[in-house]
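The values are calculated or read from the model by the stated rules, or taken from the named source; none is laboratory data. Treat the numbers as computed from the prediction; the structure is a model and nothing was measured. With ideal geometry, Cβ positions are generated from the backbone for all residues, glycine too; neighbour counts draw on all protein chains shown. Surface accessibility is based on the protein's heavy atoms, side chains included, excluding ligands, DNA and RNA. Shrake-Rupley method; radii C 1.70, N 1.55, O 1.52, S 1.80 Å.
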Amino acid sequence: MLSATSRNNIGEANFTPARGGGLVVFQLYGKKRPPFGERLTPLNERRQDGIPHPVKTACPLPLNFMEEVILHSEEIYSGRVVRLSVATVRLPNGKEAIRELIQHPGAVAIVALDEAQNVLLVRQFRLAAGRVMMEIPAGTLDPEETPLICAERELQEETGYRPGKLESLGGIYVAPGYTTEFIHLFLASDLSESRLDMDDDEFIEASRVPLTEALAMIERGEIIDGKSITGLFKVARRLGL
């Protein structure tokens, strides 16, 4: 990684380019790296003894400064969908910690929009939440299945409609603190009836709701599913709502 030395109103410092642009102060008056999230203040803001006051800020640091290194990992459970492992990691400060990680193959979620700007929603019981939830159609990736193919299949299975057009809306990590699950979000349009059989363990009720009403349902707390909220807001923003 390239580095440079610069002298300005905060004195002499070594800078290293950060990934994604910007410069990060690595060294100032010696080889000690400043604490995370702190910058050094200009000369006119220093105390009389010449020591700068640290100011909390969101200064960008290189990504590898934050990385954890896996020292050991043990799989303790392997299920139909997920696997659970316990890993020992080395932290950036050299200490060790335990991380519990749920490995997930990934999933898709679809905002299906018709010509009248209605969206297709599904209602189903979610054991983890202990309640019936209103969501956008979604499902887990099959082995070797692409997100695009999975989105088309899941929409047909859960709503009985096939999309003539699928556009990526990006995606979200569900809970990166403990699971690898990443949900690919799609906007489906040019819908036509074409039903596929649902899985034997799925009991789903589909409905058609105006997009504006779906947004109001979020505000009223009737839609509290993260992927659904993200997908619906992304489409609303795209349409200028």
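For the structure I just gave you, tell me whether A107 is surrounded by 14 or more Cβ atoms within 10 Å (Cβ to Cβ), farther than 22 Å from G226 by Cα and either touching a Gly at 6+ places or on another chain (Cβ under 9 Å) or not β-branched (V, I, T) (or both). Don't jump to the end; show me each part of the working.
Values: surrounded by 14 or more Cβ atoms within 10 Å (Cβ to Cβ): yes; farther than 22 Å from G226 by Cα: no; either touching a Gly at 6+ places or on another chain (Cβ under 9 Å) or not β-branched (V, I, T) (or both): yes.
No.
Taking residues in region 71-88 that are within 13 Å of T180 (Cα to Cα), and partners anywhere that are hydrophobic (A, V, I, L, M, F, W, C) and open to solvent by less than 60 Å² (accessible area, probe 1.4 Å), the pairs with Cβ atoms closer than 6 Å and at least 6 places apart or on different chains are V82/I102; L84/I102; S85/L101.
Residue check: is L215 closer than 16 Å to A151 by Cβ, outside any loop (DSSP other than H, G, I, E, B) and aliphatic (A, V, I, L, M)? Give the steps one after another, and end with the answer.
Working: closer than 16 Å to A151 by Cβ: no; outside any loop (DSSP other than H, G, I, E, B): yes; aliphatic (A, V, I, L, M): yes.
Considered against the rule, which asks whether it is closer than 16 Å to A151 by Cβ, outside any loop (DSSP other than H, G, I, E, B) and aliphatic (A, V, I, L, M), L215 comes out as no.
Here F186 clears all of (1) assigned to a strand (DSSP E or B); (2) surrounded by fewer than 18 Cβ atoms within 10 Å (Cβ to Cβ); (3) at pLDDT 95 or above; (4) not aliphatic (A, V, I, L, M) except the condition numbered (2). If the condition is being in contact (Cβ under 8 Å) with a residue 24 or more places away in the chain and of a type in the set (D, E, K, R), then region 185-223 contributes D190, E193, R195, D197, D199, E202, E205, R208, E222.
Mind counting the residues in region 114-136 that are of a type outside the set (D, E, K, R) and surrounded by fewer than 16 Cβ atoms within 10 Å (Cβ to Cβ)? Lay out the reasoning, then the answer.
Here is the first cut: in region 114-136, the residues of a type outside the set (D, E, K, R) are 116-122, 124-125, 127-130, 132-134, 136.
Within this subset, residues satisfying the condition of being surrounded by fewer than 16 Cβ atoms within 10 Å (Cβ to Cβ) are 116-117, 124-125, 127-130, 132.
Total satisfying the criteria: 9.
Can you pull out every residue in region 154-183 that is assigned to a loop (DSSP other than H, G, I, E, B) and open to solvent by 60 Å² or more (accessible area, probe 1.4 Å)? Outline the logic, then answer.
If we filter region 154-183 for residues that are assigned to a loop (DSSP other than H, G, I, E, B), which is where we start, we get 160, 174-178, 180-181.
Correct list: V174, P176, G177, Y178.
A151 falls short on exactly one of the conditions (1) open to solvent by 30 Å² or more (accessible area, probe 1.4 Å); (2) within 16 Å of A109 (Cβ to Cβ); (3) of a type in the set (A, V, I, L, M, F, W, C); (4) in contact with a Phe, Trp or Tyr (Cβ under 6 Å, 6 or more places away or on another chain), and that condition is (1). Here is a check on your reading of the model: is I218 of a type in the set (A, V, I, L, M, F, W, C) and either touching a strand residue (DSSP E or B) at 6+ places or on another chain (Cβ under 7 Å) or under 23 Å from D142 (Cα atoms) (or both)? Answer is no for this residue.
Of all residues in region 95-104, those that are open to solvent by less than 50 Å² (accessible area, probe 1.4 Å) and either within 30 Å of L187 (Cα to Cα) or outside any strand (DSSP E or B) (or both) total 1. Pairing each residue of region 171-184 that is free of Cβ contacts under 8 Å to residues at least 40 places away in the same chain with any residue that is assigned to a loop (DSSP other than H, G, I, E, B) and open to solvent by less than 40 Å² (accessible area, probe 1.4 Å), provided the two are 6+ apart or on different chains, yields C-beta distances under 9 Å for G171/G106; Y173/E181; A175/E181. In region 194-235, the residue that is farthest from R131 (Cα to Cα) out of those that are surrounded by fewer than 18 Cβ atoms within 10 Å (Cβ to Cβ) and of a type in the set (G, A, S) is S194.
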